[in-house]
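Throughout, read-outs are computed from the coordinates displayed, never taken from laboratory work. Not measured: the values here are computed from a predicted model. Note: ideal-geometry Cβ built from the backbone for every residue, glycine included; neighbour counts use all protein chains shown.
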Amino acid sequence: MQAEIIVAIITSTASFFGVIITAFVSGRRQKSQHETQSSWLKTKFDYIEKEIAKLEDKVGQHNHFNDRLHKLSARIDLQEKDIKSAEHRIDDLEEN
C-alpha cells in the first residue's frame with residue numbers, strides 16, 4: 001500500500017512540475033510574440049505618421065497655390081478694367 005502511495009505522489013509531483021514548466025515556456029513564447037507584434041505595429045505607425053505629414057505638406061502647398069491663384073485672378077480683373085478704361089479714353093481722344 002505504501003508503494004502505491006509513493007508512486008502516486010511521484011506521479012502527481014511530476015505532473016505538477018510538467019504543468020508549471022509548460023505554462024512558463026508558453027508564457028515566454030507569448031511574450032516574445034507580443035514584443036515582435038508590438039515592434040511591427042510601432043514601425044507601421046511611424047510609417048503612417050510620416051505619410052500623413054507628407055500629405056499635410058502637400059495640402060499646405062495646394063492651399064498656398066489656391067490663395068495665390070485667387071490673388072492673381074483679382075489682379076487680372078483689375079488690369080482688365082484698367083485696359084477697358086484706357087481704351088475708352090483712347091476712343092474719346094480719337095473722336096476729338
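Has the range 83-94 got any residue that is free of Cβ contacts under 8 Å to residues at least 40 places away in the same chain, assigned to a loop (DSSP other than H, G, I, E, B) and surrounded by fewer than 10 Cβ atoms within 10 Å (Cβ to Cβ)? Quick ask: steps written out before the conclusion?
Here is the first cut: in the range 83-94, the ones free of Cβ contacts under 8 Å to residues at least 40 places away in the same chain are 83-94.
From what's left, assigned to a loop (DSSP other than H, G, I, E, B): none.
No, the range 83-94 contains no residue that is free of Cβ contacts under 8 Å to residues at least 40 places away in the same chain, assigned to a loop (DSSP other than H, G, I, E, B) and surrounded by fewer than 10 Cβ atoms within 10 Å (Cβ to Cβ).
A single member of E4, E35 is out of contact with any Asp or Glu (no Cβ under 6 Å at 6 or more places or on another chain), part of a helix (DSSP H, G or I) and either of a type in the set (F, W, Y) or loosely packed, with under 10 Cβ neighbours inside 10 Å (or both), and it is E4.
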